[in-house]
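Where a number appears in this text, it was derived from the coordinates with a stated rule and is not lab data. Predicted model, so just to flag it, every value in this text is computed and none were measured. Cβ placement follows ideal geometry from the backbone for every residue including glycine, while neighbour counts extend to all protein chains displayed.
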Amino acid sequence: MTSEKNVEFCQSLGCYDEVITYDQGRTLDNNDSIMIVDMAGNFSAMQDLHEHLQTM
């Protein structure tokens, strides 16, 4: 999960199964097991994701 401007860079690293933008977080299936590691400290994106996944 990254900003729109960093999608290509993250994909080029070849270490992620999927790269999505912050605004696509709500497209994730909230029935899947998901691990969240916040490297950037984007509180609003993480709050939105937690609410969507109901993990708060």
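Odds and ends about this structure:
- Unmet criterion (only one of (1) part of a helix (DSSP H, G or I); (2) loosely packed, with under 10 Cβ neighbours inside 10 Å) for Met35: (1)
- Unmet requirement for Gly41, which otherwise passes all of (1) under 13 Å from Met1 (Cα atoms); (2) surrounded by 11 or more Cβ atoms within 10 Å (Cβ to Cβ): (2)
- Against the list (1) polar (S, T, N, Q); (2) farther than 14 Å from Leu53 by Cβ; (3) loosely packed, with under 14 Cβ neighbours inside 10 Å, the condition Asn30 fails is (2).
- Residue match in region 4-18 (condition: in a loop (DSSP other than H, G, I, E, B) and among the hydrophobic types (A, V, I, L, M, F, W, C)): yes
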